[in-house]
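Asks: Have a look at this one before I ask anything.
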């Protein structure tokens, strides 16, 4: 029976007196709920005030001036939304085609070319000094903030203080908060101008306070490092950061490749690094079918959407990109977007149409694998290295293509009933 019918039945079977009693009950319940919420809010505010007082004392001990403490700390506001976002888990699992198609777009490619024309002289100067080609710097900028068009909307100091006063990752965010306060003082920034992500990433390139402090540099020569207001500062800082992360001059990130028909997918992944000469000998070619080439440079094969999707070979700079953001999807997006900004056509393989798995689907898959002896750890709905390894071992034992990918054939073989199918049946 639908809710509307239930409501109609409920009220139609009640006397006027009963309806009044029920209305009174609802008012009382609502009042109790609001009173409880108010008490909890007051308690949270009291705890936050106590925590920020302790943070103020730490800031003073670390050399922050009393004037800054008096100006900033009384105005810190607990951000409930930050805690919600920190605790939230996405309902659906991101697939590579979904991730890639939303990030490597025609708009970002054309905007990147436009920004290259705007900053060409600076970009080549940075490339000569730090070894990072212009199109990579532009790709990072485009993926992080759409070339500065969206730098976040949360007050950074409030967000960091909120996370510092939360037990889950207090140590890390306490340090980032104190660094941010000292950074504000050092660069003569205004608290209200420090807007960023809910986790405290800031500016055109979304640096955390510690990265900002150690790697951001003055690119426009005005005596201030301002990653919000200065595109030159942001690009220069990105180049310096990547160089410090280990970027290798004159090397690519990787490239799309063609795999031979008899390719053993057990040989994909970071653990299976080989020289270019070895991959060449195994029949791996460039995406256009030309020879991959030979050399001692080590690389590994990635199949982010399984054996039915595109394949890539990753060089050392791919891992440098992952030190900026520890995601293979992100690193591939940076690499391909950079190639497109430089004039390449993008990937040649067709992105497969993959289902949007619900988190519960992956948890069910992980539980099935554990039950069968393919240990993937505690089921959490995240397709990490342990889960991919468990899938690959299951595939090997069942004479399937061992790409470590949770394709529909794997789900069917393990009798995992997908949430979308359950919804259709109900």
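Throughout, read-outs are computed from the coordinates displayed, never taken from laboratory work. As the structure is a computational prediction, the values presented were derived from the model and not from experiment. Neighbour counts are summed over all protein chains in view; Cβ atoms, including those assigned to glycine, are modelled from backbone coordinates with ideal geometry.
Asks: Measuring from the lowest to the highest alpha carbon on each principal axis, how far does region 313-424 reach, largest first, in angstroms?
Replies: Per principal axis, max minus min of the Cα coordinates gives 47, 31, 27 Å.
Asks: Let me ask something else. What distance in nm separates the simple spin-label points at residue 188 and residue 171, each placed 7 Å from Cα in the Cβ direction?
Replies: Computed distance between label sites residue 188 and residue 171 equals 3.8 nm.
Asks: Under 20 Å from the 7 Å Cα→Cβ point of residue 348, by amide nitrogen: which residues of region 280-307?
Replies: Counting backbone N atoms under 20 Å from the label point, the list is 280-295, 300-307.
Asks: Once you have a ≥ b ≥ c as the square roots of the Cα gyration tensor eigenvalues for region 172-270, tell me rounded if a/c is under 1.5, and otherwise prolate or oblate according to whether a/b is larger than b/c.
Replies: prolate
Asks: If you don't mind, another one. Can you give the FRET efficiency to the nearest 0.05 for residue 413 and residue 129, using r as the Cβ-Cβ distance and R₀ = 56 Å?
Replies: With R0 = 56 Å, the Cβ-Cβ based efficiency is 0.55.
Asks: Would you calculate the separation in nanometres between label points at residue 70 and residue 261, each defined as 7 Å from the Cα along the Cα-to-beta-carbon direction?
Replies: Computed distance between label sites residue 70 and residue 261 equals 8.0 nm.
Asks: Rounded, prolate or oblate: pick one for region 213-290, where a ≥ b ≥ c are the square roots of the eigenvalues of its C-alpha gyration tensor, a/c under 1.5 means rounded, and failing that, prolate if a/b is larger than b/c, else oblate.
Replies: In terms of gyration-tensor shape, prolate.
Asks: For the chain, report the convex hull volume of the alpha-carbon atoms normalised per residue, in Å³, without decimals.
Replies: 199
Asks: Here's another thing I want to ask about it. Using alpha-carbon positions, what is the distance between the centroids of region 394-413 and region 278-294, in Å?
Replies: Taking the Cα centre of each part, region 394-413 and region 278-294 sit 27 Å apart.
Asks: Provide the gained length on full extension for the span residue 271 to residue 53, in nm with one decimal, where the gain is 0.36 nm per separating residue minus the Cα-Cα distance.
Replies: Residue separation times 0.36 nm, minus the Cα-Cα distance, leaves 73.7 nm.
Asks: A further question follows. For region 330-370, which semi-axes, largest first and in whole Å, follow from the square roots of 5 times the eigenvalues of its Cα gyration tensor?
Replies: Equivalent ellipsoid of region 330-370: 34, 12, 8 Å, largest first.
Asks: Extension gain residue 296-residue 46, at 0.36 nm per residue separation less the Cα-Cα distance, in nm?
Replies: Full extension of this stretch gives 83.9 nm more.
Asks: Right, here's the next one. Multiply the residue separation of residue 77 and residue 382 by 0.36 nm, subtract the distance between their alpha-carbon atoms, and state the gained length in nm to one decimal.
Replies: Length difference between fully extended and current span is 106.5 nm.
Asks: Consider a paramagnetic label point 7 Å from the Cα of residue 286 along Cα→Cβ; state which residues of region 337-366 have an amide N under 18 Å from it.
Replies: Correct set: 337-349.
Asks: Using alpha carbons only, what's the Rg to Rh ratio of region 359-425 with Rh from Kirkwood?
Replies: 0.95
Asks: Measure out, as a whole number of angstrom, how far apart the alpha-carbon centroids of region 254-274 and region 89-140 sit.
Replies: Using only Cα atoms to place each centre, the spacing works out to 25 Å.
Asks: Which of these, 127, 236, 149, has the largest mean-square fluctuation under a Gaussian network model of the chain (Cα springs below 10 Å)?
Replies: Its mean-square fluctuation being the largest, the pick is 149.
Asks: Per-residue ellipticity at 222 nm for the chain, helices alone: DSSP H runs ≥ 4 residues times -39500 (n - 2.57), over residue total, nearest 500 deg cm²/dmol?
Replies: Calculated mean residue ellipticity at 222 nm is -17000 deg cm²/dmol.
Asks: Ok, one more. At a threshold of 8 angstrom on Cα-Cα distance, excluding pairs fewer than six apart, so keeping six or more, what relative contact order does the chain reach in percent?
Replies: Relative contact order here is 14 percent.
Asks: Where q = 0.17, 0.23 Å⁻¹, what log10 of I(q)/I(0) comes from the Debye formula for region 41-95, counting one point per Cα?
Replies: -0.66, -0.92
Asks: From the square roots a ≥ b ≥ c of the eigenvalues of the alpha-carbon gyration tensor of region 59-164, which class results: rounded (a/c under 1.5), prolate (a/b over b/c), or oblate?
Replies: oblate
Asks: Over the Cα atoms of region 91-153, what is the Rg over Rh ratio if Rh follows Kirkwood?
Replies: 1.07
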